[in-house]
Amino acid sequence: MRSRMHKRLTISNPKVKYLFIAKIFVIVLLYIVLYFLLEEVYQRFNNVLQLEKDIETFASKNQETVFEINEITYFSSANAKPNDDIKKDWSIDISQFTDISFFISNPSNQIIKSLEIKDVEFYKTPSVRYTSFFL
């Protein structure tokens, strides 16, 4: 009886070992891929949380209204001078400028130490109030 049992224990199928090793390799590879995917999801989730915290701290600084812009007015003008360099009747230098006026109110009566206006975009075309043409 001992010899029969010994035979069964010593006989091994190499095909089964390679299949077992291949399964282990695929499982380890899948765990590695799952780890990197979960790490990517965690990083994105963490970035969103950090952005929300930054926005919340910025918004908490701006809860009180320091100033209000009540009105924006455009003052456009043009000028023409005769060009002395060229001796022709219709030779003139034309210049145009537009001033922008902001009417600011301070409802909380706080001191505004500095004010910077940049990246101004106009979506509505200003209406013309007075049109004059002189020769």
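The values are calculated or read from the model by the stated rules, or taken from the named source; none is laboratory data. Keep in mind it's a predicted model, so treat the numbers as computed, not measured. Ideal geometry is used to build each Cβ from the backbone, glycine not excepted, and the neighbour counts take in all protein chains shown. Just so you know, the surface numbers come from the protein's heavy atoms only, side chains and all, with ligands and any DNA or RNA stripped out. Shrake-Rupley method; radii C 1.70, N 1.55, O 1.52, S 1.80 Å.
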>> I'd like the full set of residues that are open to solvent by less than 80 Å² (accessible area, probe 1.4 Å) and modelled with pLDDT under 80, limited to segment 57-66.
In response: T65, V66
>> Please count how many residues of segment 25-53 are over 16 Å from the mean Cα position of the chain (by Cα) and acidic (D, E).
In response: 2
> Any residue at all in segment 115-124 that is of a type in the set (D, E, K, R), at pLDDT 80 or above and surrounded by 10 or more Cβ atoms within 10 Å (Cβ to Cβ)?
Replying inline: no
>> Every residue in segment 73-83 that is open to solvent by 70 Å² or more (accessible area, probe 1.4 Å) and either touching a Pro at 6+ places or on another chain (Cβ under 9 Å) or without any contact (Cβ under 8 Å) to a residue 12 or more places away in the chain (or both), please.
In response: Y74, S76, P82
